[in-house]
Amino acid sequence: MDLVDVDDLTTDELHAVLDRAADIKAGRAAGNPEKPLADQTLAMIFEKPSTRTRVSFETGMTRLGGHAIFLGPDDIHLGHGEPIKDTARAVARYADFIMARVFDHSDVEELAEYATVPVVNGLTDDAHPCQTLADLLTIRERFGFDTSVAWVGDGNNVCQSFVLGAAMVGLDLTVATPPEYDVDDDVLARADELGAAPETTTDPDAAVEDADVIYTDVWVSMGQEDEREEKLSAFDGFQLTRDFVGDRTVMHCLPAHRGEEITDDVLESENAIVWDQAENRLHAQNGLLVWLSEQ
Ligand code: CP
Ligand code: NVA
């Protein structure tokens, strides 16, 4: 079983992973840490930089009694010097899990196809399911799923996995993007199959009208640095400012580009729950790893 995107889980499995995450989090807070992954190793493959994904997976494995190995772009042969399918089969003979952050979504699909251990997507250009698990855990803790969320920003990786997760748990979601940066049609179609596709619009003001929570992400994603000027211009009017946000709760997967998709005062305000989101990366992933180890 792999987590290439959040819909690799059934809806019941998604709730089970969130329950497992909440139990591990509560156990830790109560001083009863679980060590169910003793002697187990997570291989972490990174083609792109990371703060949260790297540190939360590595510290998470330590907390669970296991070990994590960081494999950066210059450390292994992945994609240059060895085909992905060979890396997948070799690493799977040593490690109990593989987590990979790569550019092309098809690369994580290939890793998953050839590895004989669970492969977890730590972000591709198209998806970020671990972020969605943490986001859903955070929303569930704060509000439950009977709440209304507006996505305002780029319709790429973080948004696309969130669209699928929201459909699975029944969140009321509206997505506002500039027309050329919208969510892929096949993701919307999949969300429809899973529950309901979000309402989509190019008007950020209309999107947030009935929302309790506003969620955004950077406008210039990793690997898109050459598109910077074009994207800043396309996203004009999509910034989360004090006036735009009002008294709504604000989510951001981080890292934030202050002064672009969000102002510093909004990010630093009490409306922002971004540090809880960041912390929940660790708990959500621990729930996932333990749940995967039990399958
Ligand atoms: N949100 C997230 O994945 O952060 P990093 O890029 O720091 O891992
Ligand atoms: N959309 C961002 C998310 C970072 C976690 C990126 O791909 O860079």
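Within segment 181-192, identify whether any single residue is in a strand (DSSP E or B), within 29 Å of SER106 (Cβ to Cβ) and away from ligand 2 (no atom under 16 Å from the Cβ), and answer yes or no. Looking through segment 181-192, none of the residues is in a strand (DSSP E or B), within 29 Å of SER106 (Cβ to Cβ) and away from ligand 2 (no atom under 16 Å from the Cβ). For segment 196-234, the tally of residues that are under 17 Å from LEU171 (Cβ atoms), buried (at least 16 other Cβ atoms within 10 Å of the Cβ) and not charged (D, E, K, R) stands at 11. Please verify whether segment 250-264 includes one or more residues that are farther than 27 Å from GLY60 by Cα and in a helix (DSSP H, G or I). There is at least one residue in segment 250-264 that is farther than 27 Å from GLY60 by Cα and in a helix (DSSP H, G or I). Within segment 82-100, the set of residues being of a type outside the set (Gly, Ala, Ser), surrounded by fewer than 21 Cβ atoms within 10 Å (Cβ to Cβ) and not in a strand (DSSP E or B) comprises PRO83, LYS85, ASP86, ARG89, ARG93, TYR94, ASP96. Which ones in segment 124-156 are open to solvent by 10 Å² or more (accessible area, probe 1.4 Å) and within 16 Å of ligand 1 (Cβ to nearest atom)? Once the filter is applied, which keeps residues that are open to solvent by 10 Å² or more (accessible area, probe 1.4 Å) and within 16 Å of ligand 1 (Cβ to nearest atom), segment 124-156 yields ASP125, ASP126, ASN156. Of the residues making up segment 60-77, at least one is assigned to a helix (DSSP H, G or I), within 16 Å of ligand 1 (Cβ to nearest atom), touching a residue at least 24 places away in the same chain (Cβ under 8 Å) and open to solvent by less than 60 Å² (accessible area, probe 1.4 Å). Report whether or not ASP104 is among the acidic types (Asp, Glu), within 16 Å of ligand 2 (Cβ to nearest atom) and free of Cβ contacts under 8 Å to residues at least 60 places away in the same chain. When the stated conditions are applied, ASP104 passes them. Would you check if there is a residue in segment 219-237 being on the phi < 0 side of the Ramachandran plot and assigned to a strand (DSSP E or B)? Among the residues of segment 219-237, not one is on the phi < 0 side of the Ramachandran plot and assigned to a strand (DSSP E or B), which makes the answer no. Taking the listed residues PHE103, PHE46, PHE57, the one that is open to solvent by 70 Å² or more (accessible area, probe 1.4 Å), under 18 Å from the mean Cα position of the chain (by Cα) and not assigned by TED's automatic domain parsing to the domain that holds ASP135 is PHE103, with no other qualifying. Restricting to segment 107-135, name every residue that is within 16 Å of ligand 2 (Cβ to nearest atom), in a helix (DSSP H, G or I) and either under 29 Å from ALA211 (Cβ atoms) or not aliphatic (A, V, I, L, M) (or both). Within segment 107-135, ASP107, PRO129, CYS130, GLN131, THR132, LEU133, ALA134, ASP135 meet the criteria. With respect to ARG63, is the statement that it is assigned by TED's automatic domain parsing to the domain that holds GLY122 and within 28 Å of ILE139 (Cα to Cα) true? Judged against the criteria, ARG63 is a match.
The values are calculated or read from the model by the stated rules, or taken from the named source; none is laboratory data. Worth saying up front: this structure is predicted, and the values here are computed from it rather than measured. Positions of Cβ are backbone-derived with ideal geometry, glycine not excepted, and every protein chain shown enters the neighbour counts. In case anyone asks, the SASA skips ligands and DNA or RNA and just uses the protein heavy atoms, side chains included. Shrake-Rupley method; radii C 1.70, N 1.55, O 1.52, S 1.80 Å.
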